[in-house]
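To start, the structure itself, in structure tokens.
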Amino acid sequence: MPAPIPVSTRAANIEYAIRDVVVPATELEAQGHNIIKLNIGDPIAYPGLPTPQHMVDAYVRALNDGHNGYSPSYGLPALRAAIASDERRKGWEATSDDVYVCHGVTEALQILFAAVLEEGTKVLAPGPHYPPYMAYPQMYGAQTVEYQLHNHDDWKPDFDDIRAKMDDNVRLLVLINPNNPCGSVCGPEEVDALLDIARDYPNCIVVADEIYDGLDFTGRHVSIASRSEDVPVVALNGVSKVFYAPGWRIGYMALHDPLGRLVHVRDGIERLLRSRLCASTPAQLGYLAGLEGDRGWMEVYAKKVLKQRDHCLKRISSIDGLEVERPGGAFYMFIRLTDEQWAKDDKAFVLNLLHEEHVLLVHGSGFSPDLGQGHVRLVFLADTEVLDEVFDRIDRFLQKHRQ
């Protein structure tokens with residue numbers, strides 16, 4: 001038999017823990033097992049949090065009215081204007097020309113990395129972090145360096161560690177706020193401290209991943225762009241999480257360039273966007289309806305999410321072997337495994353729990369091999385009855401493996 005055709009190194013080295021753990025879960029499902037999945041941050045996968053009807057209606061209307069052609073590569077003008085208006089509401093003078101609509105935040109990241117990174121450059125990102133921040137930069141010859149989050153202090157950034165790891169090769173300094181996977185929220189003081197560090201490096205852009213900004217339970221969240229008078233900031237956001245439409249794959253990047261230093265980066269972004277045509281036209285019109293429509297429904301959804309968070313905190317406090325920092329935003333918990341055997345091998349915990357109790361979580365080391373070790377991420381969007389069943393199974397699993 002002839003030898004297999006080789007795969008590229010860039011593809012072979014990519015890992016995406018959130019979806020990689022689905023592979024063994026799918027095998028168990030094929031054998032007839034029912035798996036409780038709390039691994040993926042898809043709000044539509046859980047009851048009681050549907051995409052708002054007026055947005056769905058706008059999407060369907062776009063299809064029925066024949067709005068099925070290509071849009072402009074940078075996004076529909078009306079949507080860009082609505083996004084800019086929304087960003088101005090957050091405190092900075094965004095214009096339509098600053099906004100670029102993408103196939104979700106993940107494509108926005110790929111475009112940004114392609115426009116900025118090259119051999120020998122670096123991305124400084126929090127650890128733990130959303131996996132694409134580690135996976136994508138290496139495609140462009142760059143390196144991701146992780147800065148520490150304090151895992152016993154609400155996962156706050158370690159600014160001494162950030163400053164120690166900054167150098168002239170760091171082109172992108174990332175703040176995920178609220179954080180995925182930890183759920184931590186940075187307020188004005190932390191944002192200002194990050195900008196103070198970036199200010200000393202003239203070729204550094206701050207990446208403000210704010211896809212969960214509408215799920216802040218602390219009241220402390222601020223737009224990073226709104227705090228910067230000189231440091232360039234690229235804000236990332238979209239329809240997936242706060243507007244509960246992840247499958248539409250519509251996100252955006254918005255460039256805050258107070259001193260006009262992103263001229264060449266902007267040109268590179270626009271060239272890349274033109275080369276890949278455009279994002280989905282009907283989905284853009286659905287998102288537009290969400291931005292322009294009444295948002296009273298968001299408070300109802302947020303109350304449900306907060307109630308489920310508090311329920312999880314109560315259950316975790318009663319289980320020997322689990323600890324957690326109270327998440328201030330998003331819909332994740334990054335749970336600490338305190339039993340020694342699992343603290344040293346969180347992936348084994350996830351896989352054994354899956355096979356023995358049919359509960360699917362994500363191993364913390366999948367979000368950072370070092371800084372996420374000894375943790376698991378849980379999505380707390382399921383109904384409380386399902387969450388109770390999950391915690392009962394985890395408790396039973398932990399007790400069984402101590403015997």
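Read-outs: derived from the displayed coordinates by stated rules, not from any lab. Model, not experiment: these values are computed from the prediction. Note: ideal-geometry Cβ built from the backbone for every residue, glycine included; neighbour counts use all protein chains shown.
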*Calculate, in nm to one decimal, what ASP65 and ASP230 gain on full extension: separation in residues at 0.36 nm each, minus their alpha carbon distance.*
55.0 nm
*asked:* At a threshold of 8 angstrom on Cα-Cα distance, excluding pairs fewer than six apart, so keeping six or more, what relative contact order does the chain reach in percent?
replied: 23 percent
*Expressed as a rounded percentage, what relative contact order does the stretch 53-292 have, with Cα pairs under 8 Å and six or more residues apart?*
28 percent
*Measure of size requested: the Rg and Dmax of the chain, with Cα atoms as the atom set and Å as the unit; please supply both.*
21.2, 64
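Give me ARG89, ARG61 sorted ascending by neighbouring Cβ count inside 10 Å, so fewest comes first. Don't jump to the answer; show the numbers that get you there.
Values: ARG89 11, ARG61 14.
Listed from fewest to most nearby Cβ atoms, that is ARG89, ARG61.
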*Taking every Cα atom in the stretch 165-221, find the radius of gyration and the maximum pairwise distance Dmax, and write them in Å.*
12.2, 36
*Measure nothing but the geometry: give the 0 to 90° angle between the long axis through the Cα atoms of 104-116 and the longest principal axis through the Cα atoms of the chain, rounded to 10°.*
60 degrees
_Once you place label points 7 Å from the Cα toward the Cβ at SER85 and ASP161, how far apart are they in nm?_
4.2 nm
*Go from 0 up to the bin containing the longest alpha carbon distance in the stretch 53-292, width 10 Å each, and give me the % of pairs per bin.*
8, 34, 37, 17, 4, 0
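How would you rank SER275, SER73, going from fewest to most other Cβ atoms within 10 Å of each one's own Cβ? Write out the running numbers ahead of the final one.
Details: SER275 10, SER73 17.
With the sparsest Cβ surroundings first, the list reads SER275, SER73.
Arrange the following residues from fewest to most other Cβ atoms within 10 Å of their Cβ: TYR252, TYR70. Walk me through the numbers before you get to the answer.
Working: TYR252 29, TYR70 9.
Sorted ascending by nearby Cβ count, the order is TYR70, TYR252.
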*Which angle between 0 and 90 degrees, to the nearest 10, do you get for helix 263-275 versus the longest principal axis of the chain when only C-alpha atoms count?*
70 degrees
*So how tilted is helix 281-292 from the main axis of the chain? Cα-based, degrees 0 to 90, rounded to 10.*
90 degrees
*Work out Dmax and Rg for the stretch 311-403 from the C-alpha atoms and quote the Rg first, both in angstrom.*
12.1, 37
*Can you pick out the pairs among LYS90/LYS303; LYS304/LYS347; LYS241/LYS344; LYS156/LYS241 whose Cα atoms lie more than 27 Å from each other?*
LYS304/LYS347; LYS241/LYS344
